[in-house]
Amino acid sequence: MPTRWSDRLSAKFGLSLTPDLLDWLDGNVRERVKLDHAGLFDIPGNPERLMDPSSGQVWGGQMLPDTLPLLGSASGDQLAVRIGADGSVSEVIRWDHECGTWRPFGATLPEAILCDVAIWQNEGESVEEESDTDNQALEHWAAHWVRHTTGPALDWPVPLTDRQPDGLVRLHQAGICEIVVLTERCVARYRAPLAERAFKYGCERLAERLGVPWEDVSKWLFDTAAVPPRQRTRLGRILQTSPEELLHQNWDQARALAARVSELRPDLAWPYAIMGWSAQRVGKLDEAIATYYKGLRSLGTTYDYEALINEGFLHERLAELHDELPKEISSDDYLQAACNRPTWPNNQDPLHRYWMKLARTAEAHGDYHLAYDYYYRAGWDRRIVDDMDEILDGLIRTSSAAGYEARHRIARHHLDTLS
């Protein structure tokens, strides 16, 4: 029996591991990580528990069924490797355990770790200049392996001074983590200071102080143009910030950044929300409708709650614009399913039924690649909790028939965690 963790994981899941992951599993960096590491993710997963479906390290039916979590946060979120059809790592994702949403977070685990550090520091956090260098063992390990790929192009670590470019700029200059950098820049353009100040103050408390429903305040957080003129001065006074600073957004720049993300990753939902809303908010309804519809079938679990974009944003906007929709859009089967919600007594999600029907049809016709994609969407387009064993079983069958051996084994492992 293999003794190295990398050999054992490769044998169990059919993985093709890169040198950085071999070192992660077989080296000593996991034992050197300290909880005051400069980032959110500082709890390495245990390889033995990763292979044990009863350990609780893999959340079958909630985590993406082609992922394995490697590095966690104190809140329970995970950096997970996503496995491609050939058994190699296709990307690393940041998975939110509470909302079930996810976002791309670099091509490799070392890249994801540096993204985490850069974002953490960009939000105003820092480490003491005199701190034990071993506190940064994880960061230094990641930088070493990223340089192994990019060469001297990566300038890291980030000096603790305002005069130097921040970590996100350095990642961009090295030509890596483009999706993460663009996402952070986009959010920074349209997420007004009002959102952060309101969360710190207490959103419900703020709504009560203003004498307005919380639902109205939540709309203001996304687009400050919705704030009535008489409330702007009150907000500034309560939150002790000038209204101009508090409500500042740049939707034109946000739209341009979101457009670039959608070109690189058309499977992500949130960029279409930003592009569509930037058109709708200025009355360009035809452009908004076309954008919303173009992104309609992107995975719903890629909406970003931290970025104030809730699940279902695209189809909800199309539903609001129903009278303006061309017939080919208003009659779209997917849109109709997405706009419906589970009803008593069977409580089945119409969108789940939509994808399951397509998956079974494709599987019956022997199109296993397409069937796998449809089963995937049945579980992770709109987050559900029922019938996950049926969905995972479909993924197990179709991945095997399609020749996705590693995905087949990982999906089975996820199913085993439900037992």
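Any read-out appearing in this document is the output of simple, stated calculations on the displayed coordinates, not a laboratory observation. Bear in mind that the values here come from a model prediction, so they are computed numbers and not experimental data. Cβ placement follows ideal geometry from the backbone for every residue including glycine, while neighbour counts extend to all protein chains displayed.
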Förster radius 22 Å - calculated FRET efficiency between residue 252 and residue 166 (Cβ-Cβ, nearest 0.05): 0.45
Three-way shape call for the stretch 327-419 based on the alpha-carbon gyration tensor, with the a/c threshold at 1.5: oblate
Exceeding the 25 Å Cα-Cα cut-off - candidates 200/294; 284/327; 219/357: 200/294; 219/357
Cα gyration tensor, the stretch 49-103 - rounded (a/c under 1.5), prolate or oblate: oblate
For q = 0.10, 0.12, 0.20 Å⁻¹, Debye-computed log10 I/I(0) when each Cα of the stretch 186-334 counts as one equal scatterer: -0.37, -0.53, -1.21
Per-residue HN-Hα couplings for the stretch 80-91 [Karplus 6.51, -1.76, 1.60; θ = phi - 60°; Hz; x = Gly/Pro]: 10, 7, 9, 9, x, 4, 9, x, 8, 6, 8, 5
Estimated translational D of the chain in µm²/s (Stokes, Kirkwood radius over Cα pairs; 37 °C; 0.692 mPa s): 142 µm²/s
Net charge over other residues, Cβ less than 11 angstrom from the Cβ of residue 209 (K, R count +1; D, E count -1): +1
Calculated from backbone phi, Karplus (6.51, -1.76, 1.60) coupling profile of the stretch 312-318 in Hz, x at Gly/Pro: x, 4, 5, 6, 5, 5, 5
For residue 76, net neighbour charge (Lys/Arg +1, Asp/Glu -1) across residues whose Cβ lies under 11 Å away: -3
At 1.306 mPa s and 10 °C, Stokes D of the stretch 1-81 from Kirkwood alpha-carbon radius, µm² per second: 118 µm²/s
Extension gain (nm, one decimal) between residue 353 and residue 3, 0.36 nm per residue minus Cα-Cα: 121.5 nm
GNM top mover of 94, 407, 353 - the chain, alpha-carbon springs below 10 Å: 353
Alpha carbon centroid spacing (whole Å) that separates the stretch 167-234 from the stretch 91-120: 21 Å
Ranked 356, 51, 275, criterion: other C-beta atoms within 10 Å, fewest first: 51, 356, 275
Cα pair distances exceeding 12 angstrom across the stretch 162-201, given as percent: 65 percent
Net +/- balance of residues flanking residue 250 in space, Cβ distance below 14 Å, scoring K and R +1, D and E -1: +1
Highest-fluctuation residue, 384, 238, 179 considered, GNM on the chain with Cα pairs under 10 Å: 238
Over the chain, relative contact order from alpha-carbon pairs under 8 Å, at least 6 apart, %: 16 percent
Computed [θ] at 222 nm, deg cm²/dmol, the chain (DSSP H ≥ 4; -39,500 (n - 2.57); rounded to nearest 500): -15500 deg cm²/dmol
Highest-fluctuation residue, 146, 187, 282 considered, GNM on the chain with Cα pairs under 10 Å: 282
Stretchable slack from residue 226 to residue 46, in nm (0.36 nm times residue separation minus alpha-carbon distance): 60.0 nm
